Amino acid sequence: MGASALRQQSGSSACNAVFRFSSPAPNRFPPDRADRLVGQGRGWHTLQFMPKGQNRVYGTGQLHFITCRCYLGQPKLGVEKHRDLFVQLLEELRVKFRFKVAGYAVMPSHFDLLMTEPGVDTAENAINMLRKRYGRRYNTSARSDEQVWETRYADTHVFDPERVQERLAFMHQEPVKAGLAETSTDWLWSSARAYAGMEEGVVTVDCMENKATAAGRSPGKAAS
């Protein structure tokens, strides 16, 4: 079943919920997990690692900004049916691993994903399973046995609300800057439509509360 049919079945018209961002301690990322750690003290950490052999951390409530590129920058997400397949698999694993998707963008040669730490297992294992399942399904569809993903991918731990908004804006503008869409909401394979209050698509999005919006709300009024 394609993404358009799933979108019609879902009947979603906006973000699934609004959740507020709580900042974890900045020293929660053991150095033995990463080849590179940058941005310490600036609201984010970047871990670039091999997709195996990591120390597992369960239920820490981290926010992860994942960037995963196709092998050699090839457009293995360049066809609409392949992007439809990818978002379908992402939604299935969101349910399986019980993590929240705060934002995402699927581009022809990579994807970006802003997600919480899963309630089951780890973000690392969730992403590895997503990569593996898509790779297998892609090669079946393309009648190929080629490598689909780069071996390494970036996992940036964001603990500053302003950085979260920056990441969301970056993702939502990617299709526009790449000339794939006139506006961010024209691109069906991102969370931009959910944040605009439109039909959000296959992936259930839990919108991050904008700090400026929250500041303008009266003290007694909760987020809807």
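Within the stretch 132-151, the set of residues being farther than 26 Å from V205 by Cα and out of contact with any helix residue (DSSP H, G or I) (no Cβ under 9 Å at 6 or more places or on another chain) comprises N139, T140, R143. Within the stretch 122-135, can you find the residues that are at pLDDT 95 or above, more than 18 Å from Q147 (Cα to Cα) and surrounded by fewer than 22 Cβ atoms within 10 Å (Cβ to Cβ)? Matches in the stretch 122-135: N125 only.
Just to be sure before I move on: is E182 surrounded by fewer than 14 Cβ atoms within 10 Å (Cβ to Cβ) and part of a helix (DSSP H, G or I) in the structure I sent?
Answer is no for this residue.
Residues considered: T151, T156. Of these, the only one that is at pLDDT below 95, of a type outside the set (K, R) and surrounded by fewer than 21 Cβ atoms within 10 Å (Cβ to Cβ) is T156. Only residues that are of a type in the set (V, I, T) and part of a strand (DSSP E or B) were counted in the stretch 89-141, giving 3. Quick one: is G59 under 19 Å from the mean Cα position of the chain (by Cα), at pLDDT 50 or above, part of a loop (DSSP other than H, G, I, E, B) and surrounded by fewer than 14 Cβ atoms within 10 Å (Cβ to Cβ)? Taking the combined requirement at face value, the residue does not satisfy it.
The values are calculated or read from the model by the stated rules, or taken from the named source; none is laboratory data. Note that the structure is predicted; figures quoted are calculated from it, not measured. Neighbour counts run over all protein chains shown; Cβ positions are idealised from the backbone, glycine included.
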